[in-house]
Structure formats: C-alpha cells, structure tokens
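K.L.:
I am attaching a structure below and will ask some questions about it afterwards.
The values are calculated or read from the model by the stated rules, or taken from the named source; none is laboratory data. The model shown is predicted, which means the values in this text are computed figures rather than measured ones. Glycine gets a Cβ as well: all are built from the backbone with ideal geometry, and neighbour counts include every protein chain shown.
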Amino acid sequence: ENSTQAQPTRGGCPVRHSEGACPASALAAAFDPFEGPYQVDPAEALRWSRDQLPVFYSPKLGYWIVSRYDDIKSVFRDNVLYSPRNALEKITPATPEAMKVLASYGYAMNRTLVNEDEPAHMERRRVLLDHFLPENLEAKQEMVRRLTREKIDGFIDRGRVDLVEEMLYEVPLTIALHFLGVPEDEIERMRSFAVAHAVNTWGRPTPEQQVEVAHAVGRFWQYAGEVIEKMRADPDGEGWMHYTIRKNAEIPEIVTDSYVHSMMMAIIVAAHETTSLASTNMFKTLLTHRDAWEDVCADPSLIPNAVEECLRYAGSMVAWRRETTAAAQLGGVELPAGAKLLIVQASGNQDERHFEDGDRFDIYRDNAVEHLTFGYGSHQCLGKNIGRLEMRIFLEEMSRRLPHLRLAEQEFTYLPNTSFRGPNNLWVEWDPEHNPERANPALRRGSVHFPVGAPLRKEIARKVRVSAVRQEAGGVLGLTLEDVRGRPLPRWSAGAHGELCLGEYERKYSLCGRPDAPGYDVAILLEEQGRGGSRHIHEVVRPGTELKLRGPNNLFRLDESARSYVLIAGGIGITPILAMADRLKMLGRDYVIHYAGRSRASMAFLARLESDHGGRVRIYSKQEGERADLPAIVDSLAEGAQIYACGPARMIRALEDLCAELPGNTLHFEHFSAQGSGLDPEKESAFEVELMDSGLTVAVAADTTLLEAIRAVGIDLASDCCEGLCGSCEVSVLEGEIDHRDLVLTRAERAENRRMMACCSRAKSGGRIKLA
Ligand code: HEM
Ligand code: FES
C-alpha cells in the first residue's frame, strides 16, 4: 500500500463555510497529532472541534479529522462509502530512500482484514471467525491467570516495579503468540519489531529515522515470511495462524497468500501492543482515581465494567483511518471522494453528546461498553474479548493481592504517533510489609471467574440513598437521591433519565432537579394500572432508603442550536420538560411551556414552574375544562422552532400527525423504549421458529428480534452490533424463507437460504422457519 500515498492538498481550509471566515481555521491549522496537546490528551485536544467544528481538515496531516461520537460511528458503520483501505498505510509518506530500503527487502504489506474492502473482507472474516468466539476463548483464561500469577509472585516482595517491564508487555505478547500458534522461541525477535511497525504506520519519523525504521520493517517482513514457512511445516499445528494457513491451502482465493504474509506481520501489533497499552492505561487511570481503585478492590464484580470504562476513557487505540470512495457529507461538511479521514475514537469516547459527563471517569457508567476503542461494525475488533479477558485478570489479581498499590512519582513518556497510546513505563510502589497475603495466604489464590464477553448491563448500577421525600402533587412522590458514600454524582444534561432498581423493580425516571443541585431529583407517579412497581416505591421508600441507580443516560437530547422552543408536557411528562426549561433559561433562549393535566391538584411542579418560568408557562387543567390546542400550537410555530414533547402516547401520536409535513428536525419526543429492538410492530409481522437442536418452538413477536426471542428461552447466542453489520449472530437455516436485512451475507448466500443473521433478519411475512 506504500505506493498509493496521495499527497494532501496543503494550505487553507477547504470547507465551504456559509458566512465569513472559517471559525476554527486557526485551531485547525495548528492541529498536529504528533506533538503538543494531542500527545498529552487526544480527547481534550479536540474538545474545541467537538464543540465548534466536528469535521475539519488538518493541513499539517493532510487528513480530515472527525471528533464527534455520532460521526465516527456513522463512518465505521458504512464501510463502502468510507473504505478502510488506508487503515495500515504509512501516515507519513515514505521518503524515496526509505522506499528503496523497503523494496530491497521485498516488502509488500497489503490487505489483511482490517484494511480489506467488501465483499472480500466479510468472506474472509467469516471463514476465520471461529477462534474468536467466546466459547472458544473460555479455556484461555487459565493460561492468562497462570502467567499473571507467576509474574506477580516474582515481584510482590519488591515494593517498586515498572509494571510494563515486569508484566504488561510480556504477558499479552505470550498470550498473543500462543493464540496465533507462533512458536514460543520467536518471542524475543517478534518483540523487537512491533515498535518499528507502529512508527512506520502511525508515526512521523524524521528522514533519517525513516531509513532506520524501513530496515527494521523490512527485516520484520522477511522474518514474518520465515515464520509462516516454519508453520507450514507443521500442518496440524494449533492456533489461529495455523488455521489460517490451512484455510489458505483450502480456499486460496479467499484466504490469499498475500493476506497470510501481511497478517502475520500486522497481527503482532494488533493482538499484543493494543492489549499491553490498554492494560497500562488501565492501571494508570485507576490508580489516579483512587475511589474507583478502592471500589474495585472491595468488590471484584465491578471489574468487567471498570475495564470497559478504562477502554472508553483511556483506550489504547485513539484514532483509526478511513477513506471516502465518493463525495460524502459528514458533520455538516462536504467531503470529496478520496478524502482521508482520521477518526479519533478517544474524542468520540468522551463526547458528552453521547456519554453523560463524558470526560469524567466513572466505573458505574452503564453504557461504557458503547465506546469506540474496538472500532465498530463489520471490522470491529475480532480480538476484543481476548483483550478484555486479559485486562480483567490483570486487574483482579493485582487488586486482590496488592490493594495498597500506588502510582510512583514519575514523568510519563509516549511513542509519538496518531493511534497507539499508552505510557512506555508505569512505575508503581507499595509496602511489602503490608501485603495482605502475608497475614492471609489464601489471598494468593482466591479468584473470581468472569465469563468471556461484554459486561452485562443489568449488573451495572451505582448505590444511592434517598435523602429527601416530598409529595409533589396528588399521587406524585418526589425523591432526592445522593451517592451512598457522599461522592458527587455525574453531571447530567436536560432530558436525561436514571433507572431506579429496587429488588425486581427497574424503571426509568427523568431527572428533574435544578441543574446545580448536588443530588438527583425524580418524581414518581403512582400508577394504579401498573405492575405494582410504583406502588412499591411509594410504600417503602423513606429518607435513608438505599437503592440502585443506573445511568444517567440521555435519549431525549435538547438540540441547543434551534431558534426557539415549544415544550409540551402531559401529566408526569413534565419531568424532562422542566429540566429542558431550566437549561433554556440558563442559555437565555426563547421558549414556552404548555403543560396539560387532569387537575391542578394532580400536576407536579406548578409552584416551581411559576417561580422559575412564570410568564412562559400555560397550564391546562382538564377538570377546569381547559385543553391544550395542539393544532393551534403547531400552526403558530415560528420558523426554526423545535418542539420537545413528553406525555401520553395519544398526545405524542397527535403531534406526530400534526408535524408530518414539517422539517424532520421539528418534533422531538421521549421514547423510553429506544433501547429495545426499535421494530415497529405495525410494520412487522410475528413468526414462529423451530429450533431443531433443542426441540423448542419459539414465537417471535412483531416488535421482537429473532435474537431476543431465542435468548428469552435461555439459549445463548453471540451478538455484537445488533444491526446486521458484524456477522456474530449467524444461525443456520434448515427450512423457510428469510427476509434478509443484514449487510453480511453475499447475494449468493442469501439465495442459498442456509444462514441468517438473527439480530435483524426475519421470516418472510407470516412464515415459519426451522433453524439447526
Ligand atoms: C481490528 C482495537 C485487541 C485482532 C481492530 C480495530 C481496532 C482494534 C480499533 C479496527 C476496528 C474497525 O475498523 O472497526 C483493539 C484494541 C485491543 C485489541 C483496543 C485491545 C485492548 C486485539 C487482539 C486481537 C485483535 C487481542 C487478536 C488476538 C484484531 C483483528 C482485527 C482487529 C483480527 C480486524 C477485524 C476486521 O477487520 O474484520 N482492533 N484490538 N485485536 N483486531 Fe483488535
Ligand atoms: Fe452483528 Fe447480528 S450482525 S450482531
């Protein structure tokens, strides 16, 4: 791929701005990913971009930088418009001298998986996927455990070590080589090459360094070829690369020779450097957030999500690359065909438009798993569960055996490059006299088993205490919640909700307190027709009661760029609306509130609305014969105004009808079910599926996916993206016609009717299908 280095158009901002000069041109021109703020903290370095210009051209790099979560995800999602073909290209074009050196080694790094286009990529990925499935990784845990323990045994009485040198470099490397089936006597040589490969691909070597690096990379390339030859001599060898080599013999048109050689080189960095750096970042982050470290030491069940939050907050892959195959529109900017993009996951991972209080490290964040550190969609990291399982075991062993660990005074150094991030060393210290296992030798061995895979959302929640209880109106109970240990709760944005968990009962409530209040306020309506949950809360909750709270999350975001706002609330729907009104008032915006309810006595927050938003509020009490005239409200909408509505389904549907002809961004409403399948039961039909293996027949309702229905009867099925992109949830079809909705299967495979993606595809209308 070295010959295809397009020269960037240097110079000013090529973005066509509607008026005046580019608002951020000075910042865009100054952006340099190899030094300065980006090297210190890539997420912080791009805060201005997330806020002002989420897609901008960097003249210094010749790339377009993408910094917001949603934009990055939509780039990952569309691997045809945004081709991954430049993912392993030298980001700093090779000098002619370096090219000469590389050529002298016959260097021909080409397509692997990560930089392969469709349809070749998915065909290859699916052939090579099995080794990465959670059930095939379970057995690896023992080896990771053993290696980790040996390392800790070796240094536990020393009191001060560089964790990278003593453990975090070598264990992931050994595990990677074992997984790949590369002979262990190759470890030392492999190790020397990885850095050269990273600098070559993502760094900015000086012209002199270019030559030096080219020699190292050339030798690595030749060496990778030798290792492959050695492995070919052992046709029954174990591990993923042996398997790959067998597939290369069996289906050389899919698993090509060039692929095998290129992958042998790329995978060393992919499988090991990524995990070493992520683990180093993890310890650094946890030890600088002592509360979180202590929580993990006290309760190891927090570890899977703590690892995920470390991957979000301080991941090891901070930026990845794509290239447009046609003109595209992204983040309000027109991109030409052939535009090279640097999509900065580290920035997206802290984007407060997706993660509440995004730059806060919070191991209780229930959507940490939505980070982009592993990429997303069809190329999403195949090895993510290997990385996770190693990080969990490192953390579990260290926090159990060395809870008194602390970060030593030190200066951190990093390898300057765009993408791989983690300190070169991590000095930690502790007092061996206080090693808990000296008093209790059982602590050496006690360990917790973590099932392979993503952390389960249902197990993530923070403990809160009710600090005040109020009657907000007839049948409406107001609670104020505080962290049980008195720590500050995360900041939240208007429209956010928290999920209260009390025994079996789990329900989402909008946060409605004043923005600067230290606790969270929620208001809970007693639902006579409900399943008893709200009654339970009304009856048992007292000041001092402890509950669990998941969130905050926001599925009802306020677009702060509208010209004016109409807020509409029905009944208890006032809660998010109140928070929005507070926010708009703070911003000094133009807004009105329409609030309808059965009777004034049943309507919460009337007094607060009057005191904080008086003059902007219209109240409609049904008992007094008042009604909100929705058609008139919509009719008199000013240009550029947006409506935010929360209330009974009937009210929302009426507004949807009234706004049907208005611009798409006019009506926003709260839908708490957005985390479900998102299927519209009016457009879908139910079907039945027979599972031959288990002999079960399962009904799939119109608003449910096949994946959900199969899981509901207790059958485990892998999944990742849940939108037909990644190929994880494939099931074998024996009979029945399938309505394929994925982007994984080829046309020929669809016609064959032998497989389907359970997360999105369904039986053709009213049909019945049989699965293996
Ligand atoms: C792809 C990150 C560990 C194997 C990727 C991608 C990223 C990534 C960002 C590109 C995703 C995309 O384009 O959407 C990481 C991180 C790791 C990790 C942060 C550790 C914390 C591993 C391990 C292995 C591995 C341990 C193998 C043993 C792969 C492979 C791909 C990949 C084969 C290409 C998948 C495809 O294109 O279909 N990884 N990785 N990774 N990773 Fe990882
Ligand atoms: Fe990704 Fe179904 S295709 S989970």
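K.L.:
Among (1) farther than 30 Å from Ala266 by Cα; (2) of a type in the set (A, V, I, L, M); (3) within 16 Å of ligand 2 (Cβ to nearest atom), there is one condition Leu382 misses while meeting the rest; what is its number?
P.N.:
Among (1) farther than 30 Å from Ala266 by Cα; (2) of a type in the set (A, V, I, L, M); (3) within 16 Å of ligand 2 (Cβ to nearest atom), the lone unmet condition for Leu382 is (1).
K.L.:
Would you confirm, using the coordinates I've provided, whether Asn115 is of a type outside the set (A, V, I, L, M, F, W, C) and within 17 Å of Thr256 (Cβ to Cβ)?
P.N.:
It is true that Asn115 is of a type outside the set (A, V, I, L, M, F, W, C) and within 17 Å of Thr256 (Cβ to Cβ).
K.L.:
Please give the number of the condition Phe283 fails out of (1) out of contact with any Phe, Trp or Tyr (no Cβ under 7 Å at 6 or more places or on another chain); (2) within 14 Å of ligand 1 (Cβ to nearest atom); (3) modelled with pLDDT of 95 or more; (4) closer than 25 Å to Phe76 by Cα.
P.N.:
All conditions pass for Phe283, except number (4).
K.L.:
A further question on this structure: Mind listing whichever residues of the range 729-739 are within 16 Å of ligand 2 (Cβ to nearest atom) and farther than 15 Å from Arg126 by Cβ? Steps first, answer last, please.
P.N.:
Within the range 729-739, the subset within 16 Å of ligand 2 (Cβ to nearest atom) is 729-733, 738-739.
Passing the criteria: Val733, Ile738, Asp739.
K.L.:
Another one. Hey, among the residues in the range 96-115 that are in a helix (DSSP H, G or I) and in contact with a helix residue (DSSP H, G or I) (Cβ under 6 Å, 6 or more places away or on another chain), which one's farthest from ligand 1 (Cβ to nearest atom)? Spell out how you get there, then give the answer.
P.N.:
First, pick out the residues of the range 96-115 that are in a helix (DSSP H, G or I): 96-104.
Pick out the ones that are also in contact with a helix residue (DSSP H, G or I) (Cβ under 6 Å, 6 or more places away or on another chain) and you get 97-98, 101-102.
Numbers: Glu97: 31, Ala98: 25, Val101: 28, Leu102: 23 Å.
Top of the filtered list is Glu97.
K.L.:
Which residues, counting only those in the range 384-400, are crowded, with 23+ Cβ neighbours inside 10 Å and basic (Lys, Arg)?
P.N.:
Across the range 384-400, the qualifying residues are Arg388, Arg392.
K.L.:
Is it true that Asp431 is among the charged types (D, E, K, R) and in contact with a His (Cβ under 8 Å, 6 or more places away or on another chain)?
P.N.:
When the stated conditions are applied, Asp431 passes them.
K.L.:
Go through (1) more than 30 Å from Gly498 (Cα to Cα); (2) away from ligand 1 (no atom under 16 Å from the Cβ); (3) polar (S, T, N, Q) for Ser728 and report which single condition fails.
P.N.:
(2)
K.L.:
Within the range 421-447, count every residue that is small (Gly, Ala, Ser) and either closer than 30 Å to Pro37 by Cα or over 34 Å from the mean Cα position of the chain (by Cα) (or both).
P.N.:
The number of residues fulfilling the criteria is 3.
K.L.:
If you check Arg85 against the conditions, is it of a type in the set (Lys, Arg), over 16 Å from Phe374 (Cα atoms) and in a loop (DSSP other than H, G, I, E, B)?
P.N.:
So Arg85 fits the description; yes.
K.L.:
Separate question: Glu684 is checked against (1) modelled with pLDDT of 90 or more; (2) crowded, with 18+ Cβ neighbours inside 10 Å; (3) more than 16 Å from ligand 2 (Cβ to nearest atom) and fails just one. What number does that condition carry?
P.N.:
(1)
K.L.:
From (1) in a loop (DSSP other than H, G, I, E, B); (2) more than 9 Å from ligand 1 (Cβ to nearest atom); (3) under 27 Å from Leu415 (Cα atoms); (4) among the hydrophobic types (A, V, I, L, M, F, W, C), pick out the condition that doesn't hold for Phe374.
P.N.:
Going through the list (1) in a loop (DSSP other than H, G, I, E, B); (2) more than 9 Å from ligand 1 (Cβ to nearest atom); (3) under 27 Å from Leu415 (Cα atoms); (4) among the hydrophobic types (A, V, I, L, M, F, W, C), Phe374 breaks only (2).
K.L.:
Just one of Gly519, Gly495, Gly503 is under 28 Å from the mean Cα position of the chain (by Cα) and on the phi > 0 side of the Ramachandran plot; which is it?
P.N.:
Gly495
K.L.:
Further, regarding this structure: Just to be sure, is Ala758 more than 29 Å from the chain's Cα centre (by Cα) and either of a type in the set (A, V, I, L, M, F, W, C) or within 14 Å of ligand 2 (Cβ to nearest atom) (or both)?
P.N.:
In short, no.
K.L.:
For the range 481-528, give me the residue count where each residue is touching a His at 6+ places or on another chain (Cβ under 8 Å) and farther than 23 Å from Gly358 by Cβ.
P.N.:
Number of matching residues: 5.
Conditions tested, residue by residue: (1) assigned to a loop (DSSP other than H, G, I, E, B); (2) modelled with pLDDT under 95.
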| position | (1), (2) |
| --- | --- |
| Ala26 | no, yes |
| Glu35 | yes, yes |
| Gln39 | no, yes |
| Ala43 | no, no |
| Asp51 | no, yes |
| Ile65 | no, no |
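K.L.:
Among residues belonging to the range 155-186 that are assigned to a helix (DSSP H, G or I) and of a type in the set (Asp, Glu), point out the one that is nearest to Asn435 (Cα to Cα).
P.N.:
Only one residue tops the list, namely Glu166.
K.L.:
Does any residue of the range 267-280 turn out to be at pLDDT 95 or above and of a type in the set (A, V, I, L, M)?
P.N.:
yes
K.L.:
Here's a follow-up. List the number of the failed condition for Ala442; all other conditions in (1) surrounded by fewer than 15 Cβ atoms within 10 Å (Cβ to Cβ); (2) in contact (Cβ under 8 Å) with a residue 60 or more places away in the chain hold.
P.N.:
Condition not satisfied by Ala442: (2).
K.L.:
Return the total of residues in the range 582-594 being crowded, with 21+ Cβ neighbours inside 10 Å and within 30 Å of the chain's Cα centre (by Cα).
P.N.:
Going through the range 582-594 one residue at a time, the tally reaches 1.
K.L.:
From the set of residues in the range 357-374 that are buried (at least 22 other Cβ atoms within 10 Å of the Cβ) and in contact with a strand residue (DSSP E or B) (Cβ under 7 Å, 6 or more places away or on another chain), which is modelled with the lowest pLDDT?
P.N.:
Ranking the candidates gives Asp366 first.
K.L.:
If you don't mind, another one. Could you check the range 568-619 and list, in sequence order, the residues that are β-branched (Val, Ile, Thr) and at pLDDT below 95?
P.N.:
Ile572
K.L.:
Where the second residue is surrounded by fewer than 16 Cβ atoms within 10 Å (Cβ to Cβ) and not in a loop (DSSP other than H, G, I, E, B) and the first is without any contact (Cβ under 8 Å) to a residue 60 or more places away in the chain and lies in the range 705-728, which pairs have Cβ atoms under 6 Å and are six or more apart or on separate chains?
P.N.:
Val713/Leu696
K.L.:
When residues of the range 675-725 are filtered for being part of a loop (DSSP other than H, G, I, E, B), among the aliphatic types (A, V, I, L, M) and closer than 23 Å to Val744 by Cβ, how many remain?
P.N.:
Narrowing the range 675-725 to residues part of a loop (DSSP other than H, G, I, E, B): 676-686, 692-695, 701-705, 713-725.
Still in the running and among the aliphatic types (A, V, I, L, M): 679, 686, 692, 701-702, 713, 715, 717-718, 725.
Those left that are additionally closer than 23 Å to Val744 by Cβ: 679, 692, 715, 717-718, 725.
Total meeting the criteria: 6.
K.L.:
What is the number of the single condition among (1) assigned to a loop (DSSP other than H, G, I, E, B); (2) more than 8 Å from ligand 2 (Cβ to nearest atom) that Arg750 does not meet?
P.N.:
Status for Arg750: all satisfied but (1).
Per-residue answers, yes or no, for (1) in contact with an Asp or Glu (Cβ under 7 Å, 6 or more places away or on another chain); (2) of a type in the set (Ser, Thr, Tyr); (3) farther than 23 Å from Val217 by Cα; (4) more than 16 Å from ligand 1 (Cβ to nearest atom):
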site: Arg145; (1), (2), (3), (4): no, no, yes, yes
site: Asp153; (1), (2), (3), (4): no, no, yes, yes
site: Asp157; (1), (2), (3), (4): no, no, yes, yes
site: Val164; (1), (2), (3), (4): no, no, yes, no
site: Tyr169; (1), (2), (3), (4): no, yes, no, no
site: Pro172; (1), (2), (3), (4): yes, no, no, no
site: His178; (1), (2), (3), (4): no, no, no, no
site: Val182; (1), (2), (3), (4): no, no, no, no
site: Phe193; (1), (2), (3), (4): no, no, no, yes
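K.L.:
What are the pairs with Cβ atoms under 9 angstrom where one residue, in the range 653-678, is among the hydroxyl-bearing types (Ser, Thr, Tyr) and at pLDDT 90 or above and the other, located anywhere, is assigned to a helix (DSSP H, G or I) and buried (at least 18 other Cβ atoms within 10 Å of the Cβ)? Sequence gap at least six, or different chains.
P.N.:
Pairs that qualify, where the first residue is among the hydroxyl-bearing types (Ser, Thr, Tyr) and at pLDDT 90 or above and the partner is assigned to a helix (DSSP H, G or I) and buried (at least 18 other Cβ atoms within 10 Å of the Cβ), are Thr666/Val634.
K.L.:
OK, next. May I ask you to verify whether Ala660 is in a helix (DSSP H, G or I), more than 16 Å from ligand 2 (Cβ to nearest atom) and out of contact with any helix residue (DSSP H, G or I) (no Cβ under 8 Å at 6 or more places or on another chain)? Quick ask: steps written out before the conclusion?
P.N.:
Numbers: in a helix (DSSP H, G or I): no; more than 16 Å from ligand 2 (Cβ to nearest atom): yes; out of contact with any helix residue (DSSP H, G or I) (no Cβ under 8 Å at 6 or more places or on another chain): yes.
Judged against the criteria, Ala660 is not a match.
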